[in-house]
Structures are given as structure tokens and as C-alpha cells.
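> Sharing a structure, written as C-alpha cells. Questions coming.
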């Protein structure tokens, strides 16, 4: 590892290698590189980062002992299809002196409902300021940094999912509700614009939707078609959102999702787009059947 780009001493030259990152869902433990497997939206996701080196010894070998008492370890998380359109939060930010163990293993839990598409974890060791070999180390100076990415797999991984009681929320009985509410425009991220609400009053349906078994493929096909129809009808029928077929929307945005869905429907011109808008307005049943047909082809594969 190189110190290139850091005008002060760091831990990079003395760290043996990156942490071993693992995700634990239920009883299953998987390395980040292997993806999360069958993602359970209702359970908590436990993240583990195991260091093959001792932080205090690394500070000593790197000549940074004077910074030991005044340094911190943080893990920053972001989730979404890209950094610009995702959600960011701090999982851990502790004094480095509190990080111990042999081997050192850092654990924390996250609600799966807070995640979408992928999870990017950045481990940072930074100084709160000090002096090393006559070199002033400013507050916030990064002494070590690494990143790991966990892919969230499954048919519904692109959408935030919540399980709520419809009866307690004063909603009519049903299996699910697709809540589409872009706040301002189609540059809004999917994370803040589309939520799939599953009715926890029907735990059998929730379980079948979130299970990867072949027997429930039909149910998930209907759900995916409903998601597509709800997103497109909202975007196409709301003039204030101003969808532009020629606009290059960023990955992970409502506009990009809309363009991808329209491409799946074979919409390639303004005339075709206008006809689809009219169909969504005047013949919503036919419009939804069109979405079902696309999702059926997608589920069957080539």
C-alpha cells in the first residue's frame, strides 16, 4: 500500500492487508465478495469487519504512537445504485483505543429496510490532531482508509421495502401498496421516491414475496408488474414532473428508472411515448396488462 497523495505519515505502509468483510443474515454468513444471497428485508443485517493486524502495534510500527490516544476509527456506509443518489450514514465512530480483540473484529447491525441495491462500507482511521516527527497532523487527517462493497441480490433489491400493519395504518386490507412519491423532480433518488409496503397483517404473503422459492415466482411476477405500472403511471400522468425521454438522468434516479422501464416496453419515440401516456390515462387496465407482459418475458428469460 502506498502513501502517495498523503503529505504526512500514515498507516498504509504497515497495514498487512484489508479487513475481511462479512454479512450475516439469519444463520447465514457470507463474504462481501459473494453477495448477500437471499436478502431478508425484515431482518437486521449484521456486518463484521475482521482486521488481520493490531491497531496499536500498527501505530508503533508506523511511528505514529504519539497519535494513538487522539485517533478514531469510523465506518461510513452508503446504499443505493450510486453515491450521488444513495443514502449515507455513520455506523461507527469510536476512539481507536476502544478497538480491541485478537483478532480485532468490528460488528454492527443495520436495518435491511434502510438499504437498496448495494452497501458500500468505508473504514477510516483518522487523527484528531497532533505532531509527528515535527510534522503537524491536522484534525481529521486520514491515517488509513479501505472500502468494501456488498451487492444486495434479489428481484426487489432496487426498491426500499417496508413491512407495516395495514390495519394499524388505517389502510384497506390487501397484500401490498406501492408508494410512489417523487418529492420534486425525476432527478430524485429511487430511495426517497418509491417504497414497497408489505402488509404485515398477512405474514404468509410477506414471507412468500421475500422468499426465493420457485413456487412463489408467480406472486413476485405480479408484484414486479404492479411496481412497474405504478411507477410509470405516476411519472407519465404527472405533468409537473416533466419527464424528458432524451434527458440523461443519473443512475439510481426516478428518471433513470422510468427510462429503463420505457425501454423495456419498447418505447423509442415521442409519438410512442404520447400513445402510452394516453393509454395509462384512458385505459389503465390495458396499460397494466402491458406491464405484466413485459415482466412475464423478463421472468422467462431469453
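What follows draws every value from the coordinates through simple rules; no lab data is involved. The structure presented is a predicted model; accordingly, all values stated were derived computationally and were not measured. Every residue, glycine as well, gets a Cβ built from its backbone with ideal geometry; the counts of neighbours run over all protein chains shown.
> Based on the Cβ-Cβ distance from residue 145 to residue 29, what FRET efficiency comes out when R0 is 22 Å, to the nearest 0.05? Walk me through the numbers before you get to the answer.
Working: r = 25 Å, r/R0 = 1.14.
That pair, residue 145 with residue 29, gives E of 0.30.
> Using 1/(1 + (r/R0)^6) with R0 = 30 angstrom and r between the beta carbons of residue 246 and residue 283, what's the FRET efficiency to the nearest 0.05?
Using R0 = 30 Å, I get an efficiency of 0.70.
> For the stretch 12-151, max minus min Cα coordinate along each principal axis, in Å, sorted largest first?
Largest to smallest, the principal-axis extents are 51, 33, 22 Å.
> Something else about it: Quick check: the distance between the Cα centres of the stretch 43-70 and the stretch 180-212, to the nearest angstrom?
Comparing the Cα centres of the stretch 43-70 and the stretch 180-212, I get a distance of 38 Å.
> Then there is this: Contour minus end-to-end for residue 60 and residue 108, with contour as 0.36 nm per residue of separation and end-to-end as the Cα-Cα distance?
Here the answer is 14.5 nm.
> Right, something else. Suppose each label sits 7 Å from its Cα in the direction of the beta carbon; what would the residue 87-residue 237 distance come out to in nanometres?
If labels sit at residue 87 and residue 237, their model points lie 2.7 nm apart.
> Using the basic label-point model (7 angstrom from Cα toward the beta carbon), what is the residue 50 to residue 100 distance in nanometres?
2.1 nm
> Would you list 10, 97 from fewest to most Cβ contacts within 10 Å? Could the numbers behind the result be given before it?
Values: 10 23, 97 14.
Final ranking by Cβ density, sparse to dense: 97, 10.
> Arrange 279, 28 by Cβ neighbour counts within 10 Å, fewest through most, would you?
Details: 279 16, 28 11.
Ordered from fewest to most neighbouring Cβ atoms within 10 Å, 279, 28 come out as 28, 279.
> Quick check: convex hull over the Cα atoms of the stretch 161-300, volume per residue in Å³, rounded to an integer?
Residue-normalised Cα hull volume stands at 121 Å³.
> What's the center-to-center distance, using Cα atoms, between the stretch 213-285 and the stretch 118-133 in Å?
So the separation of the two Cα centres works out to 43 Å.
> For a paramagnetic label modelled at 7 Å from the Cα of residue 133 toward its Cβ, which residues of the stretch 45-76 fall within the zone defined by backbone nitrogen distances under 17 Å?
Answer for the stretch 45-76: 58-68.
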